[in-house]
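Enquirer: Handing you this structure, nothing more for now.
The values are calculated or read from the model by the stated rules, or taken from the named source; none is laboratory data. The structure displayed is predicted, hence computed values, not measured ones. Here the Cβ positions follow ideal geometry from the backbone for every residue, glycine too, while neighbour counts run over all protein chains shown. With ligands, DNA and RNA removed, areas are computed over all heavy atoms of the protein, side chains included. Shrake-Rupley method; radii C 1.70, N 1.55, O 1.52, S 1.80 Å.
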Amino acid sequence: MQTIGILLPRSTYYQTIGFDLYEGLRSGLKHLGRSDVKIVTENIGFGAEKQQCYRSAEKLLLEENVSLVIAYIGHRMAQLLRPLFLAANKMLIVLDAGANLPGEWPACPNIFYHSLHNALGASLAAKQAADDGLKSAGMVTGYYDGGYLHTYSISKAFEETGGSIVFNHATGYRQDEFTMQPLKQHLEQFPDSALLSVFSGDFVQWYFEAIKESFEGQNLPVYMPPFGFEEMMLADAIYPGQHVKGIAAWSKNLSSKENVAFILAISNAGRIPNLFSLLSWESAAIALKILELMEANKNNIQQIVAGLQSFEFESPRGTIYFDAKTNTSIAPLYNATIVPDNEGKCAVQIESMANDVPDQFKKIAGYELDNAMSAWYNSYTCI
(Lines give C-alpha, C1' and ligand atoms only; values in the text may rest on other atoms or scores of the structure.)
Protein backbone atom coordinates (compact mmCIF):
# COMPACT_ATOMS: atom_id res chain seq x y z
CA MET A 1 0.00 0.00 0.00
CA GLN A 2 1.31 3.46 -0.93
CA THR A 3 1.46 5.93 1.96
CA ILE A 4 1.38 9.72 2.07
CA GLY A 5 2.42 11.64 5.16
CA ILE A 6 0.94 15.02 6.05
CA LEU A 7 2.19 17.52 8.66
CA LEU A 8 -0.82 19.22 10.21
CA PRO A 9 -0.72 22.55 12.10
CA ARG A 10 -3.15 24.02 14.59
CA SER A 11 -4.57 27.52 14.84
CA THR A 12 -6.40 29.42 17.56
CA TYR A 13 -8.66 31.27 15.12
CA TYR A 14 -8.94 28.66 12.37
CA GLN A 15 -9.53 25.89 14.87
CA THR A 16 -10.55 23.36 12.21
CA ILE A 17 -7.45 23.83 10.06
CA GLY A 18 -5.95 20.39 10.72
CA PHE A 19 -9.24 18.63 10.06
CA ASP A 20 -9.81 20.72 6.91
CA LEU A 21 -6.37 19.89 5.52
CA TYR A 22 -6.77 16.20 6.28
CA GLU A 23 -10.27 15.97 4.84
CA GLY A 24 -9.29 17.85 1.70
CA LEU A 25 -6.53 15.34 1.01
CA ARG A 26 -8.66 12.30 1.91
CA SER A 27 -11.62 13.44 -0.20
CA GLY A 28 -9.34 14.50 -3.05
CA LEU A 29 -7.76 11.05 -3.20
CA LYS A 30 -11.20 9.42 -3.06
CA HIS A 31 -12.46 11.69 -5.86
CA LEU A 32 -9.52 10.60 -8.01
CA GLY A 33 -10.26 6.93 -7.37
CA ARG A 34 -7.40 6.30 -4.93
CA SER A 35 -8.97 5.58 -1.57
CA ASP A 36 -6.40 2.79 -1.30
CA VAL A 37 -3.62 5.30 -0.56
CA LYS A 38 -2.93 5.42 3.17
CA ILE A 39 -2.60 8.81 4.92
CA VAL A 40 -0.40 9.17 8.02
CA THR A 41 -0.48 12.40 10.04
CA GLU A 42 1.85 14.23 12.41
CA ASN A 43 1.03 17.42 14.32
CA ILE A 44 3.45 20.37 14.10
CA GLY A 45 1.74 22.89 16.38
CA PHE A 46 1.86 26.37 14.89
CA GLY A 47 4.58 25.32 12.45
CA ALA A 48 7.08 27.56 14.22
CA GLU A 49 9.13 25.08 16.29
CA LYS A 50 12.02 23.96 14.11
CA GLN A 51 12.86 20.79 16.03
CA GLN A 52 9.22 19.71 16.24
CA CYS A 53 8.73 20.09 12.49
CA TYR A 54 12.00 18.29 11.74
CA ARG A 55 11.26 15.40 14.11
CA SER A 56 7.73 15.00 12.76
CA ALA A 57 8.92 14.92 9.15
CA GLU A 58 11.73 12.53 10.06
CA LYS A 59 9.27 10.20 11.79
CA LEU A 60 7.07 10.06 8.70
CA LEU A 61 10.08 9.27 6.49
CA LEU A 62 11.84 6.75 8.75
CA GLU A 63 9.20 5.08 10.89
CA GLU A 64 6.21 5.27 8.56
CA ASN A 65 8.26 4.95 5.35
CA VAL A 66 5.93 7.32 3.51
CA SER A 67 6.37 7.80 -0.22
CA LEU A 68 6.13 11.60 0.08
CA VAL A 69 5.21 14.27 2.60
CA ILE A 70 2.69 17.12 2.39
CA ALA A 71 3.04 19.99 4.88
CA TYR A 72 1.26 23.27 5.56
CA ILE A 73 4.37 25.30 6.40
CA GLY A 74 6.15 28.43 5.18
CA HIS A 75 9.23 28.86 3.00
CA ARG A 76 11.60 29.31 5.94
CA MET A 77 10.54 26.09 7.62
CA ALA A 78 10.63 24.22 4.30
CA GLN A 79 14.25 25.23 3.79
CA LEU A 80 15.17 23.84 7.20
CA LEU A 81 13.73 20.49 6.06
CA ARG A 82 15.62 20.55 2.77
CA PRO A 83 18.64 18.45 3.95
CA LEU A 84 16.32 15.81 5.40
CA PHE A 85 14.43 15.30 2.15
CA LEU A 86 17.59 15.38 0.05
CA ALA A 87 19.08 12.65 2.26
CA ALA A 88 15.88 10.59 2.13
CA ASN A 89 15.50 11.07 -1.64
CA LYS A 90 11.82 11.86 -1.06
CA MET A 91 9.55 14.68 -2.21
CA LEU A 92 8.01 17.37 -0.02
CA ILE A 93 4.88 19.21 -1.18
CA VAL A 94 4.60 22.48 0.73
CA LEU A 95 1.06 23.78 1.07
CA ASP A 96 1.86 27.47 1.07
CA ALA A 97 -0.44 30.35 1.99
CA GLY A 98 1.85 32.56 -0.07
CA ALA A 99 1.90 35.25 2.62
CA ASN A 100 5.67 35.68 2.59
CA LEU A 101 8.24 36.61 -0.01
CA PRO A 102 11.40 34.57 0.58
CA GLY A 103 14.78 36.26 0.54
CA GLU A 104 15.52 34.08 -2.44
CA TRP A 105 13.14 31.77 -4.24
CA PRO A 106 14.43 28.27 -3.55
CA ALA A 107 14.55 25.64 -6.24
CA CYS A 108 15.48 22.56 -4.25
CA PRO A 109 14.53 19.66 -6.54
CA ASN A 110 12.88 17.74 -3.69
CA ILE A 111 10.50 20.57 -2.68
CA PHE A 112 7.50 21.87 -4.63
CA TYR A 113 5.29 24.71 -3.40
CA HIS A 114 1.55 24.62 -3.91
CA SER A 115 0.36 28.13 -3.13
CA LEU A 116 -2.70 30.25 -2.40
CA HIS A 117 -0.59 33.30 -3.37
CA ASN A 118 -1.61 35.86 -0.77
CA ALA A 119 1.40 38.10 -1.54
CA LEU A 120 0.77 37.85 -5.28
CA GLY A 121 -2.91 38.63 -4.77
CA ALA A 122 -1.93 41.57 -2.55
CA SER A 123 0.15 43.07 -5.36
CA LEU A 124 -2.73 42.68 -7.81
CA ALA A 125 -5.13 44.28 -5.30
CA ALA A 126 -2.79 47.29 -5.16
CA LYS A 127 -2.93 47.53 -8.94
CA GLN A 128 -6.74 47.53 -8.70
CA ALA A 129 -6.54 50.61 -6.48
CA ALA A 130 -4.31 52.35 -9.02
CA ASP A 131 -6.61 51.34 -11.87
CA ASP A 132 -9.48 52.92 -9.93
CA GLY A 133 -7.60 56.22 -10.10
CA LEU A 134 -6.31 56.39 -6.53
CA LYS A 135 -2.89 58.02 -6.24
CA SER A 136 -2.35 57.76 -2.48
CA ALA A 137 -2.85 54.88 -0.09
CA GLY A 138 -2.46 53.84 3.51
CA MET A 139 -1.23 50.44 4.65
CA VAL A 140 -3.65 49.01 7.22
CA THR A 141 -2.76 45.79 9.00
CA GLY A 142 -2.21 44.30 12.43
CA TYR A 143 0.59 43.01 14.63
CA TYR A 144 0.29 39.46 13.28
CA ASP A 145 -0.49 39.86 9.55
CA GLY A 146 1.89 42.79 9.31
CA GLY A 147 4.78 40.44 10.11
CA TYR A 148 4.60 38.75 6.70
CA LEU A 149 5.96 40.22 3.49
CA HIS A 150 2.64 40.40 1.67
CA THR A 151 2.73 43.88 3.20
CA TYR A 152 5.85 44.54 1.12
CA SER A 153 4.29 43.25 -2.10
CA ILE A 154 1.09 45.30 -1.73
CA SER A 155 2.94 48.56 -1.00
CA LYS A 156 5.65 47.93 -3.60
CA ALA A 157 3.10 47.19 -6.33
CA PHE A 158 1.17 50.37 -5.52
CA GLU A 159 4.33 52.45 -5.69
CA GLU A 160 5.25 50.87 -9.01
CA THR A 161 2.06 52.33 -10.49
CA GLY A 162 3.21 55.81 -9.46
CA GLY A 163 1.17 55.90 -6.26
CA SER A 164 2.40 56.89 -2.81
CA ILE A 165 2.01 55.20 0.57
CA VAL A 166 1.17 58.20 2.74
CA PHE A 167 0.45 56.53 6.08
CA ASN A 168 0.65 53.22 7.91
CA HIS A 169 -1.59 51.87 10.65
CA ALA A 170 -0.82 48.63 12.48
CA THR A 171 -3.30 47.71 15.18
CA GLY A 172 -3.15 45.38 18.16
CA TYR A 173 -3.17 41.62 18.41
CA ARG A 174 -6.03 41.21 20.90
CA GLN A 175 -9.59 42.34 20.29
CA ASP A 176 -9.45 44.85 23.15
CA GLU A 177 -6.38 46.40 21.51
CA PHE A 178 -7.81 46.38 17.98
CA THR A 179 -8.73 49.91 16.90
CA MET A 180 -9.22 51.92 13.74
CA GLN A 181 -9.44 55.29 15.51
CA PRO A 182 -6.07 56.51 14.12
CA LEU A 183 -7.52 56.13 10.61
CA LYS A 184 -9.76 59.13 11.26
CA GLN A 185 -6.77 61.42 11.64
CA HIS A 186 -4.94 59.81 8.73
CA LEU A 187 -7.91 60.22 6.39
CA GLU A 188 -8.50 63.81 7.47
CA GLN A 189 -4.92 64.55 6.46
CA PHE A 190 -4.93 62.33 3.36
CA PRO A 191 -8.50 62.10 2.01
CA ASP A 192 -9.26 59.95 -1.03
CA SER A 193 -6.63 57.41 -0.04
CA ALA A 194 -6.99 53.70 -0.75
CA LEU A 195 -6.86 51.45 2.30
CA LEU A 196 -4.50 48.60 1.37
CA SER A 197 -5.69 46.21 4.06
CA VAL A 198 -3.97 42.97 5.04
CA PHE A 199 -5.84 40.86 7.59
CA SER A 200 -6.90 37.23 8.04
CA GLY A 201 -9.35 35.25 10.13
CA ASP A 202 -10.87 37.01 13.16
CA PHE A 203 -8.92 40.15 12.31
CA VAL A 204 -11.00 40.62 9.14
CA GLN A 205 -14.17 40.41 11.22
CA TRP A 206 -12.84 42.96 13.72
CA TYR A 207 -11.67 45.22 10.89
CA PHE A 208 -15.02 45.26 9.11
CA GLU A 209 -16.86 45.90 12.40
CA ALA A 210 -14.54 48.82 13.20
CA ILE A 211 -14.90 50.28 9.69
CA LYS A 212 -18.68 50.16 9.96
CA GLU A 213 -18.71 51.73 13.42
CA SER A 214 -16.25 54.53 12.64
CA PHE A 215 -16.97 55.27 8.98
CA GLU A 216 -20.52 54.11 8.28
CA GLY A 217 -21.86 55.54 5.02
CA GLN A 218 -18.47 56.80 3.85
CA ASN A 219 -17.79 53.72 1.67
CA LEU A 220 -14.03 53.88 2.10
CA PRO A 221 -12.04 52.30 -0.77
CA VAL A 222 -10.71 49.10 0.85
CA TYR A 223 -8.51 46.65 -1.10
CA MET A 224 -7.66 43.19 0.23
CA PRO A 225 -5.65 40.08 -0.78
CA PRO A 226 -7.03 36.50 -0.94
CA PHE A 227 -7.24 35.76 2.80
CA GLY A 228 -9.55 38.74 3.15
CA PHE A 229 -12.02 36.76 0.99
CA GLU A 230 -12.02 33.53 3.01
CA GLU A 231 -15.74 32.73 2.99
CA MET A 232 -15.99 30.65 6.16
CA MET A 233 -14.75 33.66 8.13
CA LEU A 234 -16.75 36.20 6.11
CA ALA A 235 -20.00 34.41 6.91
CA ASP A 236 -19.78 35.91 10.43
CA ALA A 237 -18.35 39.29 9.40
CA ILE A 238 -20.50 42.44 9.46
CA TYR A 239 -20.83 44.03 6.04
CA PRO A 240 -18.71 47.21 6.28
CA GLY A 241 -20.01 49.15 3.27
CA GLN A 242 -19.57 49.49 -0.45
CA HIS A 243 -16.25 49.53 -2.25
CA VAL A 244 -14.51 46.67 -0.44
CA LYS A 245 -12.77 44.74 -3.17
CA GLY A 246 -9.58 42.93 -4.06
CA ILE A 247 -8.30 39.55 -5.18
CA ALA A 248 -9.76 36.15 -4.26
CA ALA A 249 -7.97 32.83 -4.71
CA TRP A 250 -11.21 30.83 -4.73
CA SER A 251 -14.91 31.09 -3.98
CA LYS A 252 -17.76 28.64 -3.57
CA ASN A 253 -19.46 30.77 -6.25
CA LEU A 254 -17.04 29.77 -9.01
CA SER A 255 -19.00 27.80 -11.59
CA SER A 256 -17.14 24.72 -12.78
CA LYS A 257 -17.70 21.01 -12.48
CA GLU A 258 -14.46 20.71 -10.49
CA ASN A 259 -15.68 23.25 -7.94
CA VAL A 260 -19.08 21.59 -7.65
CA ALA A 261 -17.41 18.22 -7.04
CA PHE A 262 -15.08 19.69 -4.39
CA ILE A 263 -17.84 21.49 -2.50
CA LEU A 264 -20.12 18.44 -2.57
CA ALA A 265 -17.40 16.06 -1.37
CA ILE A 266 -16.26 18.27 1.51
CA SER A 267 -19.84 19.10 2.54
CA ASN A 268 -20.79 15.40 2.49
CA ALA A 269 -17.87 14.76 4.83
CA GLY A 270 -19.46 17.15 7.31
CA ARG A 271 -17.04 20.01 6.83
CA ILE A 272 -17.31 23.54 5.40
CA PRO A 273 -15.27 23.99 2.20
CA ASN A 274 -12.57 26.62 2.68
CA LEU A 275 -9.12 27.64 1.44
CA PHE A 276 -7.39 24.96 3.51
CA SER A 277 -9.49 22.02 2.35
CA LEU A 278 -9.18 23.40 -1.19
CA LEU A 279 -5.38 23.49 -1.02
CA SER A 280 -5.08 19.92 0.24
CA TRP A 281 -7.78 18.66 -2.16
CA GLU A 282 -5.62 19.97 -5.00
CA SER A 283 -2.51 18.44 -3.43
CA ALA A 284 -4.05 14.99 -3.94
CA ALA A 285 -3.62 15.38 -7.72
CA ILE A 286 0.00 16.50 -7.25
CA ALA A 287 0.74 13.63 -4.86
CA LEU A 288 -0.69 11.03 -7.24
CA LYS A 289 1.36 12.46 -10.09
CA ILE A 290 4.49 12.14 -7.93
CA LEU A 291 3.65 8.53 -7.08
CA GLU A 292 3.17 7.81 -10.78
CA LEU A 293 6.48 9.45 -11.68
CA MET A 294 8.30 7.65 -8.83
CA GLU A 295 7.20 4.29 -10.19
CA ALA A 296 7.91 5.15 -13.81
CA ASN A 297 11.35 6.65 -13.08
CA LYS A 298 12.52 4.38 -10.25
CA ASN A 299 12.66 7.24 -7.74
CA ASN A 300 14.97 9.34 -9.91
CA ILE A 301 14.33 12.81 -8.46
CA GLN A 302 15.52 14.74 -11.51
CA GLN A 303 13.10 12.88 -13.76
CA ILE A 304 10.29 13.28 -11.23
CA VAL A 305 10.97 17.03 -11.15
CA ALA A 306 10.93 17.24 -14.94
CA GLY A 307 7.60 15.42 -14.99
CA LEU A 308 6.08 17.74 -12.38
CA GLN A 309 7.29 20.86 -14.16
CA SER A 310 5.36 19.83 -17.27
CA PHE A 311 2.28 18.72 -15.28
CA GLU A 312 -0.95 20.68 -15.21
CA PHE A 313 -4.39 19.81 -13.92
CA GLU A 314 -7.88 21.22 -13.51
CA SER A 315 -8.84 22.25 -10.00
CA PRO A 316 -11.83 23.95 -8.36
CA ARG A 317 -10.17 27.32 -9.03
CA GLY A 318 -9.01 26.58 -12.60
CA THR A 319 -5.95 25.21 -14.38
CA ILE A 320 -2.85 24.80 -12.21
CA TYR A 321 0.73 24.29 -13.35
CA PHE A 322 4.22 24.81 -11.91
CA ASP A 323 6.65 27.63 -12.57
CA ALA A 324 9.87 25.80 -13.44
CA LYS A 325 12.20 28.44 -11.99
CA THR A 326 10.71 28.40 -8.49
CA ASN A 327 8.88 25.03 -8.36
CA THR A 328 5.79 27.01 -7.33
CA SER A 329 2.26 26.36 -8.56
CA ILE A 330 0.51 29.04 -10.59
CA ALA A 331 -3.28 29.18 -10.41
CA PRO A 332 -5.92 31.69 -11.48
CA LEU A 333 -6.78 34.60 -9.20
CA TYR A 334 -10.05 36.52 -9.31
CA ASN A 335 -11.17 40.12 -9.09
CA ALA A 336 -13.76 40.08 -6.31
CA THR A 337 -16.05 42.36 -4.30
CA ILE A 338 -17.51 42.02 -0.80
CA VAL A 339 -21.32 42.25 -0.95
CA PRO A 340 -23.98 41.94 1.79
CA ASP A 341 -25.99 38.79 2.28
CA ASN A 342 -29.59 38.69 3.49
CA GLU A 343 -28.50 38.94 7.13
CA GLY A 344 -26.16 41.92 6.73
CA LYS A 345 -23.06 39.74 6.79
CA CYS A 346 -20.49 39.37 4.01
CA ALA A 347 -20.46 37.35 0.82
CA VAL A 348 -18.00 37.19 -2.08
CA GLN A 349 -18.98 38.26 -5.57
CA ILE A 350 -16.57 37.15 -8.29
CA GLU A 351 -16.28 39.81 -10.97
CA SER A 352 -13.75 38.34 -13.41
CA MET A 353 -10.51 36.41 -13.68
CA ALA A 354 -7.50 38.59 -12.88
CA ASN A 355 -5.18 39.42 -15.77
CA ASP A 356 -1.41 39.00 -15.89
CA VAL A 357 -1.13 36.54 -12.98
CA PRO A 358 1.94 34.67 -14.37
CA ASP A 359 3.70 37.91 -15.32
CA GLN A 360 3.01 39.48 -11.93
CA PHE A 361 4.30 36.36 -10.19
CA LYS A 362 7.57 36.59 -12.12
CA LYS A 363 7.75 40.24 -11.15
CA ILE A 364 7.35 39.71 -7.40
CA ALA A 365 9.66 36.67 -7.54
CA GLY A 366 12.31 39.08 -8.79
CA TYR A 367 11.81 41.72 -6.11
CA GLU A 368 14.88 42.92 -4.27
CA LEU A 369 13.53 43.06 -0.75
CA ASP A 370 15.70 46.02 0.37
CA ASN A 371 16.55 44.27 3.67
CA ALA A 372 12.86 43.68 4.41
CA MET A 373 12.38 40.38 6.20
CA SER A 374 9.80 38.46 8.20
CA ALA A 375 10.56 37.08 11.64
CA TRP A 376 7.61 34.66 11.54
CA TYR A 377 8.31 30.94 11.12
CA ASN A 378 4.64 30.15 11.80
CA SER A 379 2.53 28.55 9.16
CA TYR A 380 0.34 31.51 8.10
CA THR A 381 -2.85 31.91 10.20
CA CYS A 382 -1.38 29.52 12.80
CA ILE A 383 -1.03 31.38 16.09
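Enquirer: Can you report the number of residues in segment 292-340 which are under 19 Å from Met353 (Cα atoms) and of a type in the set (S, T, N, Q)?
Expert: 5
Enquirer: Keeping to segment 71-100, report how many residues are touching a residue at least 12 places away in the same chain (Cβ under 8 Å) and open to solvent by 10 Å² or more (accessible area, probe 1.4 Å). Write out each step before concluding.
Expert: Taking segment 71-100 as the starting set, the residues that turn out to be touching a residue at least 12 places away in the same chain (Cβ under 8 Å) are 71-82, 84-86, 88-100.
From the residues that got through so far, the ones that are open to solvent by 10 Å² or more (accessible area, probe 1.4 Å) too are 74-76, 79-80, 82, 84, 86, 88-90, 96, 100.
Adding up the residues that qualify gives 13.
Enquirer: Sticking with this structure for a sec: Which residue out of Gln185, Gln189, Gln242 is within 19 Å of Ala336 (Cβ to Cβ), of a type outside the set (Lys, Arg) and surrounded by fewer than 18 Cβ atoms within 10 Å (Cβ to Cβ)? Step through it out loud before you land on a result.
Expert: Values: Gln185 fails: within 19 Å of Ala336 (Cβ to Cβ); Gln189 fails: within 19 Å of Ala336 (Cβ to Cβ).
After ruling out the rest, the residue left standing is Gln242.
Each row is one residue, and each column tells you yes or no for (1) under 15 Å from Leu92 (Cα atoms); (2) under 18 Å from the mean Cα position of the chain (by Cα); (3) among the acidic types (Asp, Glu).
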| residue | (1), (2), (3) |
| --- | --- |
| Leu264 | no, no, no |
| Asn274 | no, yes, no |
| Asn299 | yes, no, no |
| Arg317 | no, yes, no |
| Tyr334 | no, yes, no |
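One line per residue, one yes/no per condition, for (1) under 25 Å from the mean Cα position of the chain (by Cα); (2) over 16 Å from Ile383 (Cα atoms):
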site: Phe46; (1), (2): yes, no
site: Tyr54; (1), (2): yes, yes
site: Ala57; (1), (2): yes, yes
site: Leu61; (1), (2): no, yes
site: Val66; (1), (2): no, yes
site: Leu80; (1), (2): yes, yes
site: Leu86; (1), (2): no, yes
site: Leu92; (1), (2): yes, yes
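Enquirer: Could you give me the residue pairs with C-beta distances under 9 Å whose first residue belongs to segment 212-223 and is closer than 20 Å to Ile247 by Cβ, whose second residue is surrounded by fewer than 18 Cβ atoms within 10 Å (Cβ to Cβ) and of a type in the set (D, E, K, R) wherever it lies, and which are 6+ apart or on separate chains?
Expert: Final answer for the pair search is Pro221/Asp132; Pro221/Asp192; Tyr223/Asp132.
Enquirer: What strands (runs of 3 or more DSSP E) lie completely within segment 248-343 and have 1 or more residues being under 21 Å from His31 (Cβ atoms) and without any contact (Cβ under 8 Å) to a residue 40 or more places away in the chain?
Expert: Values: elements: 312-315, 318-323, 328-330, 334-340.
It comes to 312-315, 318-323.
Enquirer: I'm trying to understand the selection: among the residues of segment 112-136, which are of a type in the set (Phe, Trp, Tyr) and out of contact with any strand residue (DSSP E or B) (no Cβ under 7 Å at 6 or more places or on another chain)?
Expert: In the first step, residues of segment 112-136 are kept if they are of a type in the set (Phe, Trp, Tyr); the result is 112-113.
Of everything in segment 112-136, nothing turns out to be of a type in the set (Phe, Trp, Tyr) and out of contact with any strand residue (DSSP E or B) (no Cβ under 7 Å at 6 or more places or on another chain).
Enquirer: Within segment 105-115, is there a residue that is under 20 Å from Phe46 (Cα atoms) and assigned to a helix (DSSP H, G or I)? If you could, list the steps in order and put the result at the bottom.
Expert: As a first pass, look at segment 105-115 and keep what is under 20 Å from Phe46 (Cα atoms): 113-115.
From what's left, assigned to a helix (DSSP H, G or I): none.
No, segment 105-115 has no match at all.
Enquirer: Oh, and also: Just the residues that are in a helix (DSSP H, G or I), open to solvent by less than 40 Å² (accessible area, probe 1.4 Å) and in contact (Cβ under 8 Å) with a residue 60 or more places away in the chain, please, taken from segment 8-60. If you could, list the steps in order and put the result at the bottom.
Expert: Taking segment 8-60 and keeping what is in a helix (DSSP H, G or I), we get 17-31, 50-60.
From what's left, open to solvent by less than 40 Å² (accessible area, probe 1.4 Å): 17-18, 20-21, 23-25, 27-29, 53, 56-57, 60.
Across segment 8-60, the qualifying residues are Ile17, Asp20, Leu21, Glu23, Gly24, Leu25, Ser27, Gly28, Leu29.
Enquirer: Of all residues in segment 203-236, count the ones that are touching a helix residue (DSSP H, G or I) at 6+ places or on another chain (Cβ under 9 Å), in a loop (DSSP other than H, G, I, E, B) and among the polar types (S, T, N, Q).
Expert: 1
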